[in-house]
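**Student:** Dropping the structure in here first, questions after.
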Amino acid sequence: MSDIPDLLKNPPQLPLVLPSILASDFAAMGDDVADVMAAGADAIHVDIMDGHFVPNVTMGPATVAALRERFPDLYLDVHLMMTNPELYADPFAEAGANCITFHIEPTAGRTEHDEHTVIRHIRDTGCDVGISINPPTPAQAIEHVLEDVDLVLVMSVNPGFGGQSFIPEVLEKTRWIAERLPDDIRLEMDGGLDPTTAPAAREAGVDTIVAGSAVFKAPDRAAAIKQLRGQT
Ligand code: DX5
Ligand code: ZN
């Protein structure tokens with residue numbers, strides 16, 4: 001029986017810190033995950049890219065299944081940067097995802113598989129549901145679904161690659177969302193977050209921090225995680 005935490009609704013602490021395995025050593029991913037969890041991370045963020053919605057291809061359900069096999073109690077936060085997230089909700093849920101986040105840009109108002117349908121589809125798998133917006137997308141684009149999800153992910157880089165620079169212009173819309181988001185819904189940010197950019201994100205209301213390079217490339221991963229939390 002697994003003992004996966006109800007991370008989003010009952011966080012052990014805030015902010016949560018979720019290293020993105022996009023920045024891990026893909027040739028030793030499991031060992032890298034074990035290391036960052038031992039260093040104090042709360043869960044793992046899995047960046048899935050389809051080469052269509054974003055100009056990169058990263059990993060698929062088999063990676064999630066392998067992590068689930070090795071880490072039965074690990075919360076896996078799967079971020080679908082995909083044009084057709086509805087095609088992959090079931091495979092990722094079956095592989096062991098705990099949260100599945102999709103983007104409003106390719107789904108908003110579609111005749112079939114619109115954002116409401118995808119939210120229901122992901123919920124029906126038993127996973128937590130997240131909605132994400134890219135830097136150019138206004139916060140108002142997700143206002144109508146804020147209370148239907150468990151997590152809102154504000155991208156602070158244009159998605160596709162790790163190691164990019166933080167885009168501070170997203171902070172204003174982050175504050176706008178934070179003012180409207182119920183307390184039990186997590187506000188996550190992903191892209192270019194490190195000990196120098198994380199304080200502004202936290203002040204804007206972010207309580208769930210995704211960091212790839214800032215954790216996996218850090219000489220002291222435990223210290224980096226503490227700094228991202230705002231613990232010196
Ligand atoms: C989108 C990816 C990256 C990644 C974080 O490109 O989602 O944002 O997770 O990468 P870092 O933390 O290295 O910017
Ligand atoms: Zn991500």
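What follows is calculated from the coordinates using simple rules that are stated; it is not laboratory data. Note that the coordinates shown come from a computational prediction; the quantities given were computed from them, not determined experimentally. As a convention, Cβ positions derive from the backbone with ideal geometry for all residues, glycine included, and neighbour counts pool all protein chains shown.
**Student:** Looking at the chain only, what percent of DSSP beta bridges run antiparallel? Nearest 5 please.
**Tutor:** Of all bridge pairs located within the chain, approximately 5 percent are antiparallel.
**Student:** Please sort by residue number the chymotrypsin sites (Phe, Trp or Tyr not before Pro) in the stretch 137-219 whose DSSP state is loop and whose Cβ has at most 14 other Cβ atoms within 10 Å.
**Tutor:** Taking the stretch 137-219 and a limit of 14 other Cβ atoms within 10 Å, no loop chymotrypsin sites (Phe, Trp or Tyr not before Pro) are found.
**Student:** Let me ask something else. By its C-alpha gyration tensor, with a ≥ b ≥ c as the square roots of the eigenvalues, how is the chain shaped: rounded for a/c under 1.5, else prolate for a/b larger than b/c, else oblate?
**Tutor:** rounded
**Student:** While we're looking at this one, here's another question. How much net charge surrounds residue 166 when only the other residues with a Cβ under 11 Å from the Cβ of residue 166 are counted, with Lys and Arg +1 and Asp and Glu -1?
**Tutor:** -3
**Student:** Kindly give the semi-axes, whole Å and largest first, of the ellipsoid equivalent to the stretch 139-232, taking each as the square root of 5 times a Cα gyration tensor eigenvalue.
**Tutor:** Rounded to whole Å, the semi-axes are 24, 14, 11.
**Student:** Next question. Which residue, 81, 59, 49, tops the fluctuation ranking in a GNM of the chain built on C-alpha contacts under 10 Å?
**Tutor:** Most flexible of the set in this elastic network: 59.
**Student:** Moving on. Using a Gaussian network model on the chain with a 10 Å cutoff between Cα atoms, which of 121, 79, 52 fluctuates the most?
**Tutor:** The residue that fluctuates most here is 52.
**Student:** Sticking with this one: If you put +1 on each Lys and Arg Cβ and -1 on each Asp and Glu Cβ, how big is the dipole of the stretch 16-229 around its Cα centre, in Debye rounded to 20?
**Tutor:** 460 debye
**Student:** Additional query: What residue among 46, 145, 64 has the largest mean-square fluctuation in a Gaussian network model of the chain, using Cα springs under 10 Å?
**Tutor:** It is 145.
**Student:** Right, something else. How much net charge surrounds residue 23 when only other residues with a Cβ under 14 Å from its Cβ are counted (Lys, Arg +1; Asp, Glu -1)?
**Tutor:** Taking every Cβ under 14 Å from that of residue 23, the sum is -4.
**Student:** Using the Cα centre of the chain as origin and beta-carbon charges of +1 (Lys, Arg) and -1 (Asp, Glu), tell me which of 170, 200, 104 is placed farthest towards the positive end of the dipole.
**Tutor:** Farthest along the dipole direction, towards plus: 200.
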